[in-house]
């Protein structure tokens, strides 16, 4: 049976919401879902650490070709060598996307999620694209979008989508 896969997106150099990302990652790990991210620092590393410490599987899909560039909490590293084009792979790998803050890379992942009809949980408590884009997708979008005003909201919405 395939495990459910949760993609956590956010900036690699943002330290503002590391505690929240850690707690969300930990929850993903305790549910035995697979956490997938871009495999780098910041939000991705914090979520990866949470999932790994809870005994979960953590997959890092890297933009470059060097597997040593992954954060130390990734149990599986996929170096792509394709730069930000790897963001499409990140999004397509998930059953649901959790957006925590973010900059231009996160924006591209949100756009891909919209194009491919992936459910997105927007952490509105974090700055960046996760706060700005909720509700901006028009009727042509197949994306199911959800506002999360707290970590508890994120966890409840993950359960609702994945269970």
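Scan the stretch 54-62 and give yes if some residue there is farther than 24 Å from residue 162 by Cβ, modelled with pLDDT of 95 or more and in a loop (DSSP other than H, G, I, E, B), otherwise no.
no
Given (1) surrounded by 15 or more Cβ atoms within 10 Å (Cβ to Cβ); (2) within 20 Å of residue 162 (Cβ to Cβ); (3) without any contact (Cβ under 8 Å) to a residue 24 or more places away in the chain, identify the lone condition not met by residue 36.
(3)
Please verify whether the stretch 42-52 includes one or more residues that are surrounded by fewer than 20 Cβ atoms within 10 Å (Cβ to Cβ) and closer than 22 Å to residue 123 by Cβ.
Checked the stretch 42-52: no residue is surrounded by fewer than 20 Cβ atoms within 10 Å (Cβ to Cβ) and closer than 22 Å to residue 123 by Cβ.
Which one of these does residue 84 not meet: (1) under 19 Å from residue 10 (Cβ atoms); (2) in a helix (DSSP H, G or I); (3) at pLDDT 95 or above?
The failed condition is (3).
List the pairs whose first member sits in the stretch 47-68 and is on the phi > 0 side of the Ramachandran plot and in contact (Cβ under 8 Å) with a residue 60 or more places away in the chain, whose second member is assigned to a loop (DSSP other than H, G, I, E, B) and surrounded by 16 or more Cβ atoms within 10 Å (Cβ to Cβ), and whose Cβ atoms are under 7 Å apart, counting only residues at least 6 apart or on separate chains?
Nothing qualifies.
Within the stretch 110-124, can you find the residues that are part of a loop (DSSP other than H, G, I, E, B) and under 17 Å from residue 162 (Cβ atoms)?
Residues satisfying the conditions are 117, 118, 119.
For the stretch 1-33, give me each residue that is surrounded by fewer than 24 Cβ atoms within 10 Å (Cβ to Cβ) and under 11 Å from the mean Cα position of the chain (by Cα).
5
Select from the stretch 1-33 the residues that are assigned to a helix (DSSP H, G or I), within 21 Å of residue 160 (Cβ to Cβ) and either touching a helix residue (DSSP H, G or I) at 6+ places or on another chain (Cβ under 6 Å) or without any contact (Cβ under 8 Å) to a residue 24 or more places away in the chain (or both) and list them in ascending order.
20, 21, 23, 24, 25, 26, 27, 28, 29
Taking into account only those residues within the stretch 95-109 that are in a loop (DSSP other than H, G, I, E, B) and within 21 Å of residue 149 (Cβ to Cβ), which is modelled with the lowest pLDDT?
Per the stated criteria, the residue is 102.
The values are calculated or read from the model by the stated rules, or taken from the named source; none is laboratory data. As the structure is a prediction and not an experimental result, all values here were calculated from the model. Because the Cβ atoms are built from the backbone with ideal geometry, glycine has one as well, and the counts that use them run over all protein chains shown.
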